[in-house]
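FYI, it's all coordinate maths here, none of it is from the lab. All values reported here derive from a predicted model rather than from experimental measurement. Using ideal geometry, Cβ is built from the backbone for each residue, glycine included, and neighbour counts are taken over all protein chains shown.
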Amino acid sequence: MPGPPSNLDTILDAVVTAVRELNFKLTGPGSVPVVKRKLPKREEAVDPSEQVTVSGAAELDSVTPIAFGDVFRVRYRVEVTLVTSNKNDQVKNLPEYLAFRQQVRQLFRKPPLVGAAAVVDLDVVGGEFLDRGMISQGYDYQQVVIRVTTIEP
């Protein structure tokens, strides 16, 4: 029987909810869908042509003892990636990509992160502006990486 959800799972769910509330629009009438995945990837057969993927980063979490006993500061990295098809167009959607990047950075510049009570700090620590390797494969990947700090037993 599984135990309680991990803090990272709770954080990913909270980030998905926060990004959905941006109601970011790109080309269609509705908002770009936001999903939680293992990694930032759009599945051709099941996903729409535009989506935001929220995932944990490949880097290992940073765990630091902060007090006597069993209390730790844990830093997670969360990737928020806008994935769209490119079709070799180097200009299409550029203003929208920049707006997305700015909105996500503003959203996660400081706590609270609603739905993740253990979070004590948020900051944007990077992300790739239009991953060049993915552009050559016909996709635009616009990413913002957020460092989420928690205090955990």
ask   = Of 35, 116, 126, which is farthest along the charge dipole of the chain in the positive direction, counting Lys and Arg as +1 and Asp and Glu as -1 at C-beta?
value = 126
ask   = Can you give the angle from 0 to 90° between the axis of helix 7-20 and the longest principal axis of the chain, with both taken from C-alpha atoms, to the nearest 10?
value = 40 degrees
Alpha-carbon centroid distance for the pair the stretch 120-138 / the stretch 1-55, whole angstrom = 15 Å
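Only bridges with both residues in the stretch 1-89 count here: give the DSSP antiparallel percent, nearest 5.
Rounded to the nearest five, the antiparallel share is 80 percent.
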ask   = With each pseudo-label sitting 7 Å past Cα toward Cβ, what's the residue 60-residue 102 distance in nm, one decimal?
value = 3.9 nm
key: Residue (of 6, 145, 95) at the positive-pole extreme of the chain, dipole from beta-carbon charges   = 95
Filter on 38/92; 41/87; 41/110; 25/87 - keep pairs with C-alpha separation over 22 Å = 38/92; 41/110
key: When the convex hull of its Cα atoms is projected in every direction, mean area for the stretch 63-153 (nm²)   = 6.8 nm²
ask   = How far is helix 94-107 tilted off the main Cα axis of the chain, in degrees rounded to 10, range 0 to 90?
value = 10 degrees
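Please get the size of the charge dipole for the chain, origin at its Cα centre, with Cβ charges of +1 on Lys and Arg and -1 on Asp and Glu, quoted in debye to the nearest 20.
Details: 18 positive and 19 negative charges, 58 e Å.
Here the chain has a charge dipole of around 280 debye.
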ask   = Say we join alpha carbon atoms closer than 10 Å with springs in a Gaussian network model of the chain; which of 105, 20, 132 then has the biggest fluctuation?
value = 132
Tensor-based shape of the chain (alpha-carbon gyration tensor, a/c under 1.5 rounded, otherwise prolate or oblate) = prolate
message = Calculate the FRET efficiency for residue 110 and residue 41 from the Cβ-Cβ distance with a Förster distance of 30 Å, rounded to the nearest 0.05.
response = 0.55
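What value, in deg cm²/dmol to 500, does the helix sum -39500 (n - 2.57) over DSSP H runs of n ≥ 4 give at 222 nm once divided by the residues of the chain?
Numbers: 3 runs with 33 residues, N = 153.
-6500 deg cm²/dmol, from helical runs alone.
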